[in-house]
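A short write-up of the structure that comes next.
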Amino acid sequence: MPKYGMVIDLTKCLGCNACTVACQAQNRLPAEEHWIRVRTFESGKYPTVTKNFLTVQCMHCDKPTCVSVCPTQASYKRRDGIVLVNEDRCIGCKYCVVACPYQARVFNEEKGLPEKCIFCLPRVARGVAPACVVACPAGARRFGDLNDPESEVSRLIATKKAARLRPDLGTDPNIYFV
């Protein structure tokens, strides 16, 4: 059984938002709704200021707090690691939105439901990488099976100093940064 995950190379990320736009197009999101956010950080002092970028989205955690707080089990984790929301079971309580330490869920007021990155599940089911991975002009995003030691994501995690966002929270995210 595969366990899907992603590696994002922060040294390659240009902060161009191609991933965000591709996600919006793939999921038919309105312009104001983002399932991927690109955060900008500046370091150094003038005249040698450097900009660094960090993309934040659903981390498809091994121990997702959004799942544990859901009173109807509408938020759930699949065996392949993808965290989803069953819209038919969701009551719109927003517990999962508040519980996510990465602020990865967006509440769609019109639908009365939380929404989030689904790792482009329909594409992945067809053997195609998520839209954000394909759209990245710098090749900063990689997607694959974390259970396969020969996969590109597994090799990147093993050979580079891979880190998870906020390991202190104990959620064990399946998006790694190098």
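The values are calculated or read from the model by the stated rules, or taken from the named source; none is laboratory data. Since this is a predicted model, take the numbers as computed values, not measurements. Cβ atoms come from the backbone with ideal geometry, glycine included; neighbour counts cover every protein chain shown.
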Testing CYS96 on (1) out of contact with any Ser or Thr (no Cβ under 8 Å at 6 or more places or on another chain); (2) crowded, with 16+ Cβ neighbours inside 10 Å, one condition comes back false. Which one is that? (1)
Taking only pairs six or more apart or across chains, which ones have beta-carbon atoms under 9 Å, a first residue in segment 70-84 that is in contact (Cβ under 8 Å) with a residue 60 or more places away in the chain, and a second residue that is of a type in the set (D, E, K, R) and surrounded by 14 or more Cβ atoms within 10 Å (Cβ to Cβ)? ARG79/LYS3; ASP80/LYS3; ASP80/ASP145; GLY81/LYS3; GLY81/ASP62
Residues within segment 23-49 that are over 13 Å from the mean Cα position of the chain (by Cα) and not in a loop (DSSP other than H, G, I, E, B), tallied: 8
Condition check: in contact with a Pro (Cβ under 6 Å, 6 or more places away or on another chain) and not aliphatic (A, V, I, L, M). Does CYS66 satisfy that? no
From the set of residues in segment 134-172 that are in contact with a Cys (Cβ under 7 Å, 6 or more places away or on another chain) and farther than 17 Å from CYS13 by Cβ, which is surrounded by the most Cβ atoms within 10 Å (Cβ to Cβ)? THR171
Does PRO101 qualify as being more than 16 Å from CYS61 (Cα to Cα), surrounded by fewer than 21 Cβ atoms within 10 Å (Cβ to Cβ), in contact (Cβ under 8 Å) with a residue 12 or more places away in the chain and not small (Gly, Ala, Ser)? no
The residue that is modelled with the lowest pLDDT, considering only those in segment 50-87 that are of a type in the set (Val, Ile, Thr) and over 13 Å from the mean Cα position of the chain (by Cα), is THR50
Counting only helices (runs of 4 or more DSSP H) wholly inside segment 90-178, the ones holding at least 1 residues that are touching a helix residue (DSSP H, G or I) at 6+ places or on another chain (Cβ under 6 Å) are 95-99, 131-135
